[in-house]
Amino acid sequence: MKLNPVYKRETTVSSRSFRLALILAIFNTILALVILLNMYSVVERVKLTAEIQYSSFTNLYVFVAAVEFVMLMFIMPALTAGSISGERERQTLDLLLTTTLKPWDIIWGKFTSSFSTMFLMIMSSFPLLAVSFVYGGVMIYDVLLLLLCYLAVALLCGSMGICFSTLFKRSTIATVVSYGVLVLIAAGTYAINAFALSMARMNMSSTYAMTVGGMADQTNSGACLYLLLLNPVATFYAMINGQTGDNQVVRSLNSWFGPHPDNFIMEHWVVLSIFIQLALAAMFMFIAVNAISPAKGNKIRKIK
């Protein structure tokens, strides 16, 4: 099989640079410090109470997985946001477009090189997560589902970064916009649901609530809840809560935005949200390919 030349060059350059080793070292050092501090607190608690709380090791898995998830979500756009705009700043993008490489080959090569770096970071951190296996509570299936969630958020954030890298001339602007859209998806969908819930509670008068016996507690955010399918943070929360807490996603989300009826979407929330986020990533990649296509690129205004 012929290897993508852009991917081959990018991986060769990154593997020979000190930057990749530094990123891996910092990433795993932070995770190792989190684990060591947690283990230290467990040992100190045993010294004081002479009791081992095995739930602490499950909490360790949750905490480390959450820290790694947040780091992946914010590192991936930084790796991809300057991929195409950097070529444009170095005035080498036009040279790439004059070769026999198709726009898809350029985008895919840039994206997969950054994604391979992120995948290496994910796999290098799994031995640290394996500490929780010593006392049980976490199964191999849970780790595989966690890996799938990591890959989904990496694909979404990476495709978002490379999309804005094609739409903006400057890497700085592309990075800022990528983080802005990411925060909008993560915090914006939550804010919309919180606003919808507060409006629903305000619309229910106190007199009516007293008449029906506290129906105010039955208010919810309505159909706005399904916007959280776009939110990778909500997906991670539902997944990790299903692994270590209540296995009902409905109850988990109801604790945020009021009671919602149980249905097919709620029962398969994690799987459906991952597929939707992958579709969103594919849309970002499609926009990126069209943005640098010679026939269509002129139709998209490049912002300085």
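Rule-based calculations on the coordinates, nothing more; no lab input. Keep in mind that this is a model prediction, so the values were computed, not measured. Note that we place each Cβ from the backbone using ideal geometry, even for glycine, and neighbour counts take in every protein chain shown.
Structural remarks
- Applying 1/(1 + (r/R0)^6) with R0 = 41 Å to the Cβ-Cβ distance of LEU97 and MET202 gives a FRET efficiency near 0.15.
- Here is how the number arises for the chain: DSSP H runs of 4 or more residues each give -39500 (n - 2.57), the sum is divided by the residue count, and the result at 222 nm is -24000 deg cm²/dmol.
- Gyration tensor (alpha-carbon) shape descriptor, the range 50-185, a/c threshold 1.5: prolate
- Gain on full extension, evaluated as 0.36 nm per residue between ALA66 and GLU89 minus their Cα-Cα distance, stands at 4.7 nm.
- Given R0 = 25 Å, the distance between the Cβ atoms of ALA130 and THR49 translates into a calculated FRET efficiency of 0.40.
- Given [x] 43, 20, 17; [y] 37, 24, 16; [z] 39, 29, 15, the label whose value is semi-axes √(5λ) of the Cα gyration tensor in Å derived from this model: [z]
- Per-q log10 I(q)/I(0), the range 1-103, q = 0.12, 0.19, 0.23 Å⁻¹ (Debye; single scatterer per alpha-carbon; no solvent): -0.64, -1.04, -1.24
- Rounded if a/c under 1.5, otherwise prolate or oblate - the range 113-194, Cα gyration tensor axes: oblate
- Normalising the average separation of contacting C-alpha pairs (under 8 angstrom, six or more residues apart) by the number of residues puts the relative contact order of the chain at 22 percent.
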